[in-house]
Each structure stands twice: as C-alpha cells, then as structure tokens.
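First the structure, in the form of structure tokens, and then the observations on it.
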Ligand SMILES: [Zn+2]
C-alpha cells in the first residue's frame with residue numbers, strides 16, 4: 001500500500017474514527033503477583049526467579065494481596081464499580097516467554113467495571129468510558145540476539161503484576177488518545193500504582209480502531225494495532241491507520257478485520273503474521289486459585305487511604321492558589337512536580353511566581369536532562385531561597401536563572417553560589433556611578449543618539465553597564481545612574 | 001546390631017519398625033538397608049521404582065540414627081523409610097512423572113509433603129513408577145516399563161499410583177505416597193490388597209505435586225493397615241500457605257481418633273455398586289464385608305447415587321481440559337526434553353511429539369477440544385454443572401448416612417494388555433472412584449477379601465474432612481477380619497533372606 005500522508009478536509013468531514021485503547025500497566029509492588037520474588041527493574045537476568053515464576057512442574061500461585069490493593073486503587077481512581085467477587089482464569093497460548101503455557105488473567109469476572117476518566121483537548125472536556133480493569137501476570141522478556149540465531153529469555157519479569165485497562169470506544173482522534181494516555185499515566189502515578197514508563201515497558205498500549213461514516217452509530221470493521229512503543233508511536237500509528245481505513249472506505253474497499261503491527265522504521269502499520277491472528281485462548285477458571293472476595297469493607301479501606309486524584313489537585317490549585325487552569329494542568333501532570341510546587345509555596349507563598357519558575361525552568365531542565373524530579377538534587381528550599389534573593393534585590397532574574405541551573409546540576413544552596421561567585425547585585429551607588437560615567441564617556445555615538453531623542457539608546461547604555469558588571473547591576477539603579485551621568489556630562493559642557 | 005533379619009524387618013510394617021527404632025532395637029540404617037536390598041533384588045521383576053537413591057537414603061538414615069544417639073527429640077516415625085510417587089517433587093532427585101518429557105528433570109525444590117516427610121525424619125527410598133502424568137488405571141502407561149502386581153505378575157497393579165502400590169504390597173517399602181485424581185490411589189490399593197486414602201480436596205498440600213487436573217488432584221497414602229494410614233496422613237496433612245486451595249485448618253490427630261465407636265454408625269450401601277458391570281467375585285466380597293460392618297453394630301441402609309452415571313463423562317471433560325493447560329509448560333524451553341532447535345514451532349511440535357505417550361496426547365487433545373471457542377458451554381461448562389449436581393447428591397446422601405460404601409473398582413486386577421487397546425473400557429475402572437474426586441470428598445479403599453486369589457477393595461466415602469471417621473471404620477473392620485495381614489508370595493527371592 002502506498003504511503004499516505006494526510007486526508008483532505010472533505011474525507012475528514014465524511015468519516016469518523018472510533019478508537020478504544022487497551023493499556024497494560026505494571027504495578028509497583030515489591031514482590032511478584034503469585035510468588036515472593038522481588039520485582040526490581042534492571043537486575044541481572046534470571047536472578048529474581050523461583051519455581052512458581054519459572055513455571056516448574058508442581059509449583060502453585062499464591063495471590064499477592066498488595067497487588068490486589070494497587071489494582072483496586074487503580075480501578076477506584078478510574079471510577080469503576082467493584083464487584084463483590086472476582087476470579088482468575090487461564091489464558092492458554094504457547095510462547096517462549098510464557099513459562100506455564102498459560103497466563104493467569106481475569107476473563108469474565110474482572111476486578112473493576114464501568115469506569116471513566118475525563119480528558120481535555122483544546123479546552124473541551126470529554127468523558128472516556130473504562131470498560132474494565134483486570135489483573136494479570138507479566139511474561140518473561142525475550143532478548144533477541146543479534147544475528148538472529150537464538151533468543152534469550154529473562155524470567156525476572158515473569159510474574160510481575162499487571163493490570164489491563166480497557167477503554168470504551170469513545171476516543172475519536174489521535175490527540176484524544178494521547179490525552180487519554182496522559183491522564184491515565186497521571187492517575188496511575190498519583191495513585192502510586194505504577195511509574196508508567198513506556199520506555200521501560202511499565203506502560204504499554206494497544207489500540208482498537210475502526211472508521212465509519214460520520215453521523216452513523218454503527219461500528220466499522222475493527223483493526224487492532226500493536227507494537228506502539230512510545231507516545232509518538234501511538235499518535236503516528238493511529239494517524240496512519242485512520243488515513244488507511246478512511247481511504248479504503250471512500251474507495252469502496254473493505255477493511256479487513258485483523259491485527260496490525262506499527263512499523264516504527266517505515267512509519268506504517270502492517271498485518272501481523274498468521275499465527276498472531278485469531279487466537280483461541282481457551283479461557284477457563286484458574287483451578288489453582290480460589291475466587292477473590294472483594295469485601296466492601298476492604299474496598300472502602302483501600303478507597304479511604306487513596307491519594308488525591310490529579311483532577312482534584314488541579315481544581316484545588318486553581319481554587320486555593322489562584323493559578324490559571326493551564327498552570328494547574330501543567331503542574332499537576334506529574335505528582336512529583338505538583339508536590340514540589342506545593343512544598344515551595346509553603347516556604348515562599350507566591351504561587352504564580354513559583355509556578356512560572358517551575359513551568360519555565362524546572363520542566364525545561366528536567367526535559368533536557370531526561371530525568372524525573374526525584375532523580376535531581378533540586379529541593380523546594382532551593383527555589384524558595386532563589387525567589388527570595390530576587391525579591392530582596394540580591395540578584396536579578398538573569399543571574400537567578402544562571403544560579404538555578406547550577407543548583408539543578410549540583411544541589412548547592414543558591415545563596416552559597418551567589419556568595420562564592422560574587423554574583424550579588426551591585427546596589428552600591430558610588431561604584432555603579434563610576435561605571436555609568438565610564439560608559440557615557442566611552443560611547444559618544446550612543447550618547448549623541450540619546451540626546452537627539454532616540455530612547456532606544458538608553459537601553460544600549462544600560463546594557464553596557466550590565467555588561468561591565470557581568471550582569472550584577474541592579475537594572476533600575478543602573479538606568480537612574482546612567483541618566484545621572486548623562487546629566488553631569490551635559491552640565492560640564 | 002539387632003537380631004532381626006532383613007526379611008523380618010520388612011515383615012514388621014511401618015508401625016512396628018517405628019516402635020523398634022524408638023526402642024533402639026533397630027537402626028534406621030539397618031531398616032533402610034533391608035529395603036534397599038529388597039529393591040535391588042525385586043524391583044527388576046516388579047517395576048515398582050523408577051529411581052532409587054541409595055546414597056541419599058542411607059545418608060538420611062544415618063542422620064536420623066545420629067540424632068537419636070544424641071538423644072534429640074524425634075518424631076514417632078523418624079527413621080522409617082517411605083516411597084514417593086514420581087509426580088511428587090523431590091529436591092535433587094529426578095522426578096519424571098514416568099514421562100520421556102521429564103526423563104532427566106531434577107526439581108530444585110521439595111513438594112510440601114516431601115518437606116513434611118523429611119521434617120518427621122522419614123527416609124525417602126526412591127520414586128515410584130506410575131502411569132505417565134498419572135493418566136491411567138493400570139500402570140501400563142508408564143513411558144519406561146509397566147509395574148506388575150505382586151499377587152500375580154502377569155496382572156496389572158492398577159494405576160496410576162502403580163509403583164507405590166507395588167512397592168508397599170511387595171514390601172519394597174513400608175508405606176508410600178501416591179496421588180489420586182480419579183481413583184489413582186484407591187484402585188491400585190484395591191488391586192494390591194492395601195489401604196489407600198484419598199483425602200478431602202484441600203486437606204493435603206498440592207504444592208510440588210506435578211499437576212494433572214488441579215481441581216481433582218490430591219496426594220494420598222498407600223499402607224497395609226489403617227493405623228499406618230492414620231500415621232502417614234498425620235504427617236502429610238494440614239494447611240499450606242503455598243497452596244491456595246489448601247484448607248486453613250490443622251489436620252486432626254488421626255492416630256488418636258482410630259478407636260472411634262462403630263456401633264450405631266449409619267452406613268449407606270450404594271445400590272449402583274452391585275450393578276451389572278461389577279464382577280460377581282467383587283460383589284460377593286463386598287456383601288461379606290457389609291455383613292461384618294453390620295456385625296460391628298453399624299446401621300445399614302441403601303442409597304442410590306443416580307448422578308454416578310454422569311460422573312465419568314463429566315470427568316473426562318474436566319480432567320483433560322485442566323490437563324491440556326497444565327501440560328502446556330512442557331515445551332522444551334526451560335527444562336525437560338527439547339527435541340529440536342530449528343525454530344520455536346518446530347521445537348514445540350517435536351518435543352511434545354517425542355515426549356508424551358499416546359494416552360497423554362489423547363487427553364491433551366480431548367481437553368483442548370473441550371475448551372475451544374464454541375464448545376466451552378457444551379462441554380466444560382456443562383461438566384461443571386454436572387459436578388455441582390454430583391456434589392449435591394453426595395451432600396444429601398451424607399446427611400442420612402455417616403459413610404457410603406461401594407466397591408473400589410468393578411473388578412480385580414486384570415492382565416497386562418487386557419484393556420490397553422480400549423481406553424473407554426479402561427476409563428470404566430474408575431467408575432466408583434471418580435465421583436468422589438468430582439465432589440472433593442474423602443474416601444478410603446480397604447482390603448475386603450479375595451476373588452480368584454486376587455485382592456478386592458471396598459470403598460468407604462465420608463463427609464468432607466472426615467478422613468478420621470473413615471479410618472476408624474477401616475481400622476475396626478480390618479482388626480475384625482484381618483484382611484490386611486495377607487501378603488503376596490515373594491515374586492522373586494529377596495536378598496538376604498537365606499541368611
Ligand atoms: Zn518467583
């Protein structure tokens with residue numbers, strides 16, 4: 001199929017994509033879901049294994065209660081109904097990364113059903129339904145050795161607890177899909193359910209997508225897209241598939257019901273090979289586990305100890321700190337960032353100023369460094385101190401930015417850096433006047449321009465003072481003193 | 001050194017050996033040696049054991065003797081040897097399930113029951129032969145060699161715990177562990193003249209028992225008499241947090257409850273036990289046994305279990321369905337046989353083709369079919385509904401009666417090869433035992449005489465978790481009749497007995 005770039009407006013108006021997402025999230029428990037092996041990421045291969053997670057003959061699963069609690073948290077945060085009882089089933093298929101030849105999952109009695117979350121795209125808030133949240137176990141990790149002669153398996157990952165979150169087909173655009181994933185990630189992080197790192201595989205996303213003529217409510221032929229391993233891939237994969245299916249429909253061609261893989265290199269989706277198609281998983285109730293009673297008292301206890309949801313926090317930031325909705329959204333996307341904001345405001349009660357610092361500088365530096373906030377030495381005390389140094393006139397904003405980069409890099413106190421590097425603003429009138437006089441004397445052209453009414457020349461002269469003081473001059477004082485020096489010069493003439 | 005000859009040691013039985021060890025008239029090494037010698041001489045002819053770990057067994061025996069010499073507090077059965085069915089995981093000791101696919105598999109861990117045997121100081125002699133993956137009723141499905149009935153080596157010992165039954169019957173072990181999914185402890189016990197206990201589902205931990213049909217499997221005991229059964233049950237029973245289906249209750253003190261009163265006990269004779277499929281010799285032995293129970297003061301009545309007819313077909317949906325999934329892990333990836341390296345698909349196909357025997361393949365196919373899309377409701381779901389009805393029927397019968405009685409098997413031991421060609425005929429061997437597994441109830445097969453020189457077994461079925469009640473009846477019955485005192489003629493001469 002030819003490469004497709006975009007759809008013209010007419011086709012876009014005529015056809016509507018219908019998208020549902022299936023998201024797998026690894027739960028951040030200390031031990032695996034059916035054995036007591038640790039779940040530390042990045043350990044030496046096959047060191048966190050036991051008879052249970054290796055699927056040795058005779059080994060039996062025992063459900064990790066903590067995993068259930070985290071799954072419940074996730075389901076409750078997504079406004080799901082929790083049934084009084086759920087059960088586990090075996091999903092049977094052969095694959096080398098599946099030690100038992102079946103995955104313990106939940107089929108017809110999941111842990112949570114009928115939930116929703118809200119997304120906001122271009123200022124419009126939409127509610128996306130959550131069909132179900134169920135628990136299952138992670139598979140081992142296949143490592144394909146270069147050269148393609150063999151594959152290595154790391155069973156450290158086998159048995160790590162997962163939840164699968166299945167949305168209703170309520171999503172209409174790739175942007176909405178992205179917003180849905182962002183919100184989901186945010187919720188999972190807030191609930192301390194998962195770190196949701198797509199690059200480490202702790203969040204994975206498959207999509208079901210069909211296209212139909214706008215205005216109908218019949219569903220088109222469903223295509224499943226797999227192997228979208230980044231946020232960008234999800235967006236690109238959906239965009240590609242919408243175009244492909246829309247073109248087929250407008251040409252009167254049928255869409256084939258199939259599973260397709262996103263090919264990152266070629267930027268296309270392509271049909272998955274035959275055996276990945278049409279699995280008959282032969283689900284049946286897992287006889288090694290008893291049905292799991294979800295006692296309402298237990299569920300209530302889990303609910304009572306749940307952290308605040310991102311939506312709640314956003315609303316609180318607007319209400320209590322008087323922040324614009326946009327600021328609240330940016331700050332609250334990551335609970336660590338939101339927490340940093342609140343801790344800083346507690347020390348330095350100027351919310352908008354703190355918000356500006358975080359949105360402009362903190363997030364930029366984090367993004368450049370590719371690090372989570374917790375991995376940097378930056379502390380709320382640092383930012384509060386820096387803001388105060390600016391307020392007190394000790395440093396100006398330009399210097400503050402430089403100091404902040406250093407604080408971010410090595411975690412030293414801003415006042416210490418300012419003192420050590422002699423960055424304190426020069427507010428000493430006599431010293432600055434001396435500099436101003438030299439600048440006025442040394443730039444006759446600019447002085448001439450200023451005198452002939454070109455106000456811009458003043459900016460140049462002040463800039464020269466700043467330059468001479470390496471930016472440490474108090475800008476207002478510098479302006480006043482340049483004016484004073486100019487007046488002196490005129491008096492002498 | 002004691003004055004007891006190896007032959008005499010083996011004639012003592014587990015209880016008396018334990019007593020002699022406690023009185024220090026024997027050492028565990030002497031006892032273990034006596035059995036190892038007997039195995040060395042007799043196993044080739046009978047095929048009871050697949051693996052015998054002489055060195056390790058003697059090391060364990062020496063350890064128990066040393067601890068006893070130091071005056072350490074030991075369990076009452078410390079130093080007594082035991083045989084373990086080869087589908088129960090033993091750390092460092094090959095566990096094959098009598099299958100080519102696990103021919104060289106050595107578990108890195110002990111099953112919970114094995115750990116409990118070791119804690120009690122029992123000495124594991126070796127691993128016993130069986131029908132491959134516990135699928136069979138004759139022992140002929142062993143991938144290596146069939147076990148033979150010591151009462152007549154041209155006949156089968158029953159199955160699937162064939163080797164465990166043979167080992168005990170031929171005094172190649174004082175007692176043994178088996179597993180019972182549809183009759184695999186009770187039917188060989190019946191064929192070999194032993195007491196076979198199938199405990200309530202959840203009473204004994206399944207952790208480490210290589211799964212055949214998880215919702216039906218239960219580890220049980222094979223012994224000469226009810227007192228030994230009570231003792232061994234006491235060692236292996238009880239809650240295990242590693243098995244989610246194990247019942248979180250301590251097991252009762254079985255030996256202490258053996259003397260429970262029989263008089264006034266309500267015994268329900270299951271009418272179907274005298275149906276046309278049951279050999280006259282078996283019926284006759286059973287009738288005499290019922291007379292004995294009546295003579296002991298039991299109140300006899302009759303009950304019909306009409307659902308029994310449907311138990312067999314329902315079992316042959318559920319058990320293969322679970323098996324098809326349980327045996328999926330034998331794929332050549334991590335352990336066991338790997339028959340090809342060409343590609344993943346080729347490895348799966350060739351490994352499973354070469355590794356599984358015909359009966360195992362048959363059941364995997366049956367089960368896969370029953371679980372397939374479009375058939376699930378018609379087969380698996382329907383079978384589960386039947387299972388519920390069977391449970392309900394037993395439940396109501398056990399409200400009127402304390403115990404239900406059937407023959408354990410419809411026949412005595414048949415000849416090797418006699419039923420091998422007809423799987424359905426073979427499946428009928430478990431007609432009376434399967435419903436018990438379907439309901440999760442406890443049952444005991446008790447020797448109740450002979451037909452044509454071959455042992456007959458009576459099955460006692462009790463209420464959930466009432467193994468103690470069943471053992472008390474078995475004990476009273478055997479003490480009265482003495483059927484447990486009979487031993488087969490040694491099939492081959494036993495080393496040392498000439499001394
Ligand atoms: Zn593990």
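We did not get these values from a lab; they are worked out from the coordinates using the rules stated. Just so you know, these numbers come straight off a predicted model, no measurement behind them. Here the Cβ positions follow ideal geometry from the backbone for every residue, glycine too, while neighbour counts run over all protein chains shown.
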Checklist outcome for this item: Helix-only [θ] at 222 nm, chain A, -39500 (n - 2.57) per DSSP H run of 4+, per residue, nearest 500, equals -12500 deg cm²/dmol
Checklist entry - How far is helix A:231-250 tilted, in degrees, relative to the longest principal axis of the Cα atoms in chain A, given as a value from 0 to 90 rounded to the nearest 10? => result 60
Next on the checklist: Using a 10 Å cut-off around each Cβ, can you sort B:16, A:288 from fewest to most neighbouring Cβ atoms?
Outcome noted: B:16, A:288
Checklist outcome for this item: per DSSP, antiparallel bridges as share of beta bridges in the protein assembly as shown, % nearest 5, sits at 80
Checklist outcome for this item: Given B:379-391, B:204-216, the highest-first ranking by average Cβ count within 10 Å works out to B:204-216, B:379-391
Checklist outcome for this item: Semi-axes in Å, largest first, for chain B (Cα gyration tensor, √(5λ)) are 31, 29, 21
Next on the checklist: Using a 7 Å offset from the Cα along the Cα-to-Cβ direction at both residue A:448 and residue A:195, what is the distance between the two label points in nm, to one decimal?
Outcome noted: 6.5
Checklist entry - Residue separation times 0.36 nm, minus the C-alpha to C-alpha distance between residue A:350 and residue A:12: what's the value? => result 117.1 nm
Checklist entry - Going by a ≥ b ≥ c, the root eigenvalues of the Cα gyration tensor, does region B:359-403 fall in the rounded group (a/c under 1.5), the prolate group (a/b larger than b/c) or the oblate group? => result oblate
Checklist entry - Expressed as an acute angle from 0 to 90° and rounded to the nearest 10, what is the orientation of the C-alpha long axis of helix A:335-347 relative to the principal long axis of chain A? => result 30
Next on the checklist: How many angstrom lie between the Cα centre of region A:124-176 and the Cα centre of region B:18-42?
Outcome noted: 58
Checklist entry - Tell me, what is the Rg over Rh of region B:246-392, with Rh the Kirkwood radius over Cα pairs? => result 1.15
Item to check | Packing-based order for B:122-128, B:255-261, using average beta carbon neighbours within 10 Å, highest first | outcome: B:122-128, B:255-261
Item to check | Shielding by partners - mean other protein chain Cβ count within 10 Å, residues of B:362-375 | outcome: 2
Checklist outcome for this item: Relative to the compact-globule estimate 2.2 N^0.38 Å (N residues), the Cα gyration radius of chain A stands at a ratio of 1.29
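Averaged over peptide B:328-337, how many Cβ atoms belonging to another chain are found within 10 Å of each residue's Cβ?
For this peptide, the per-residue mean of nearby foreign Cβ atoms is 6.
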Item to check | the protein assembly as shown: equivalent-ellipsoid semi-axes (sqrt of 5 x gyration tensor eigenvalues, Cα, Å) | outcome: 76, 32, 25
Checklist outcome for this item: The distance between the Cα centres of region A:309-346 and region B:74-90, in whole Å, is 64
Checklist entry - Roughly what % of DSSP beta bridges within region A:199-268 run antiparallel, to the nearest 5? => result 55
Checklist outcome for this item: Rounded to the nearest whole number, the per residue volume of the convex hull around the C-alpha atoms of region A:9-298 in Å³ is 149
Checklist entry - Can you give the calculated 222 nm mean residue ellipticity of chain B, where each DSSP H run of n ≥ 4 adds -39,500 (n - 2.57) and the sum is split over every residue, rounded to the nearest 500 deg cm²/dmol? => result -12000 deg cm²/dmol
Checklist entry - How big is the convex hull of the Cα atoms of region A:429-492, per residue, in Å³? => result 72
Checklist entry - Between residue A:94 and residue A:441, what length in nm is gained on full extension when 0.36 nm per residue of separation is reduced by their alpha carbon distance? => result 116.4 nm
Checklist entry - Where the centre of each part is set by its Cα atoms, how far does region A:35-79 sit from region A:453-473, in angstrom? => result 64
